[in-house]
1. On the basis of being part of a helix (DSSP H, G or I) and surrounded by 15 or more Cβ atoms within 10 Å (Cβ to Cβ), does Leu22 make the cut?
2. When you check Arg8 against the structure, is it part of a helix (DSSP H, G or I), of a type in the set (D, E, K, R) and in contact with a helix residue (DSSP H, G or I) (Cβ under 8 Å, 6 or more places away or on another chain), yes or no?
3. Read through the list (1) over 24 Å from Leu11 (Cβ atoms); (2) of a type outside the set (A, V, I, L, M, F, W, C); (3) surrounded by 11 or more Cβ atoms within 10 Å (Cβ to Cβ), then give the number of the only condition that Thr64 fails.
4. Quick check on the stretch 70-89. Is at least one of its residues surrounded by 16 or more Cβ atoms within 10 Å (Cβ to Cβ), under 22 Å from the mean Cα position of the chain (by Cα) and among the basic types (Lys, Arg)?
5. Which numbered condition trips up Gly15, out of (1) within 16 Å of Gly86 (Cα to Cα); (2) without any contact (Cβ under 8 Å) to a residue 60 or more places away in the chain; (3) surrounded by fewer than 17 Cβ atoms within 10 Å (Cβ to Cβ); (4) in contact with a helix residue (DSSP H, G or I) (Cβ under 8 Å, 6 or more places away or on another chain)?
6. With the structure loaded, tell me whether Ile48 is modelled with pLDDT of 90 or more, touching a Ser or Thr at 6+ places or on another chain (Cβ under 8 Å) and not aromatic (Phe, Trp, Tyr) or whether it fails that test.
7. Condition first: of a type in the set (S, T, N, Q) and closer than 27 Å to Trp12 by Cα. Can you find one or more residues in the stretch 83-105 that meet it?
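The values are calculated or read from the model by the stated rules, or taken from the named source; none is laboratory data. This structure is a prediction, so every number in the text was calculated from the model and none was measured. All Cβ positions, even for glycine, are placed from backbone atoms using ideal geometry, and neighbour counts span all protein chains on display.
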Amino acid sequence: MNMTHLRRYYLWFFGICFVMTLLMGVIAAVLPSQFGGIVTAIPYLVAIIVVLFRFLKHEKRAPTQPERKKLTLGFSLIFWGYNLLGVLIGLFIFSRKDPEVFQNFLLYLQQPEFISIVVIMILLLAIPLYLITYWFYGKQAQRMAEKMF
């Protein structure tokens, strides 16, 4: 299977993830801040599940090993890429009304402690999500395909 064939699954993943992120953002606004990490992971998890079901129904089989690797990496890059883009757009919007916001952000980026905390927090979420996706699109997907077909 070539990458153009997987492109539709990447688009489905992005669409579902984006809509779920907007929904979770509204929900997160009313929840205590301790639930932030959980709310961040929900759009990703919902998207990988829905996309796997679409894959199984359309392809009538589980992903092959190369497809599994490409989908797992692609989903992670899409998820973290659009989250980064969201941060940058938010920065742009808020710094238009208060230029100090952008200046403060640049000052934070110069602090090794801040960068370390951000990287650690991202890895604490990114690594488990990557591993869950890799596992889910492997043996679990094969079991699901066997039961469906």
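1. Working: part of a helix (DSSP H, G or I): yes; surrounded by 15 or more Cβ atoms within 10 Å (Cβ to Cβ): no.
No.
2. Values: part of a helix (DSSP H, G or I): yes; of a type in the set (D, E, K, R): yes; in contact with a helix residue (DSSP H, G or I) (Cβ under 8 Å, 6 or more places away or on another chain): no.
No: the conditions fail for Arg8.
3. Condition not satisfied by Thr64: (1).
4. Yes.
5. (4)
6. yes
7. In the first step, residues of the stretch 83-105 are kept if they are of a type in the set (S, T, N, Q); the result is 83, 95, 103-104.
Next, from what is left, pick out any that are closer than 27 Å to Trp12 by Cα: 83.
Yes, the conditions are met somewhere in the stretch 83-105.
Residues checked against (1) over 30 Å from Gln142 (Cβ atoms); (2) of a type in the set (Val, Ile, Thr):
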position	(1), (2)
Ser33	yes, no
Ile49	no, yes
Arg54	no, no
Gly81	no, no
Ile89	yes, yes
Phe92	yes, no
